[in-house]
């Protein structure tokens with residue numbers, strides 16, 4: 001079965017105002033430090049266009065800056081639809097190190113009340129400490145499940161394992177689910193580095209992947225190679241706009257977008273592969289060159305089955 005047909009990301013993952021099927025048209029008012037070529041260019045531009053994220057007063061977003069636990073909680077709970085942008089002031093501090101006067105305390109109090117977060121054994125939350133990938137995924141998925149307990153089934157990722165994620169670790173169900181649904185970056189050695197400290201850009205990308213997954217998109221690394229069968233009696237035509245994919249039926253048309261620059265290309269599935277961890281498409285050289293310089297070799301992409309809009313019937 002096609003992976004597109006086996007998507008099980010629930011509709012309740014995101015509130016309706018955030019849903020859209022088209023990538024944003026990036027305008028001149030984008031963040032000054034997130035321009036074409038930035039690894040998170042499309043995700044950040046998309047989320048900004050939907051008012052899901054905000055930048056700093058100087059017009060920057062600082063995509064490579066570490067994000068702390070309080071900032072991550074606010075962004076993830078707003079994106080998942082648990083909270084709106086304003087909450088009632090808490091009557092008491094939810095944790096020993098979260099004063100009522102701080103901007104984040106209302107989010108922490110509400111999240112604790114919904115059992116999205118618990119804090120540490122000593123009663124603290126460490127709101128200004130960095131957050132890692134495993135903690136981020138737990139926070140995100142627990143927020144989603146608080147909206148609808150049936151929206152995520154962690155059994156979906158039960159057989160999805162990584163070299164650096166022990167099956168009995170406290171976070172394995174979160175990382176496995178994220179991997180099974182293309183919500184995180186999978187490296188070539190089949191690792192995801194669950195303990196990596198999150199940046200603002202990578203957190204934005206995870207939210208973006210979740211949004212677009214709801215609309216039928218998949219994510220991963222695209223490469224190019226020679227010798228993709230493209231037409232009868234010609235199995236080595238690198239000039240064809242074709243691709244290899246692990247499961248999609250031959251003849252399927254796929255639209256591929258480089259998320260570092262927003263450039264897209266439509267290709268036909270004519271072969272099987274690629275088979276390296278994290279790699280999802282092997283494009284012909286001509287197709288790859290439409291979205292990136294061949295010298296890059298590998299690019300991070302969003303892709304989905306392309307179905308042209310039927311023409312409007314004439315009277």
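The table below gives the values:
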item	result
Matching option when the condition is part of a loop (DSSP other than H, G, I, E, B), out of contact with any strand residue (DSSP E or B) (no Cβ under 6 Å at 6 or more places or on another chain) and more than 28 Å from residue 184 (Cβ to Cβ), among 121, 92	92
The range 52-84, residues that are part of a loop (DSSP other than H, G, I, E, B) and touching a residue at least 40 places away in the same chain (Cβ under 8 Å)	52, 53, 61, 62, 63, 64, 65, 67, 81, 82
Test: residue 144 is closer than 17 Å to residue 258 by Cα, buried (at least 21 other Cβ atoms within 10 Å of the Cβ) and not assigned by TED's automatic domain parsing to the domain that holds residue 244	no
Verdict on residue 99 being under 24 Å from residue 180 (Cβ atoms) and at pLDDT 85 or above	no
Selection status of residue 23, at pLDDT below 95 and in contact with a strand residue (DSSP E or B) (Cβ under 7 Å, 6 or more places away or on another chain)	yes
So residue 195, is it part of a loop (DSSP other than H, G, I, E, B) and modelled with pLDDT of 95 or more	yes
Matching residues in the range 212-237 - criterion: being modelled with pLDDT of 90 or more and more than 16 Å from the chain's Cα centre (by Cα)	223, 224
Condition check for residue 12: assigned to a helix (DSSP H, G or I), under 20 Å from residue 212 (Cα atoms), touching a helix residue (DSSP H, G or I) at 6+ places or on another chain (Cβ under 7 Å) and modelled with pLDDT of 85 or more	no
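The values are calculated or read from the model by the stated rules, or taken from the named source; none is laboratory data. Everything numeric here is computed off the predicted structure, so don't read it as measured data. We place every Cβ from the backbone using ideal geometry, glycine too, and count neighbours over all the protein chains shown.
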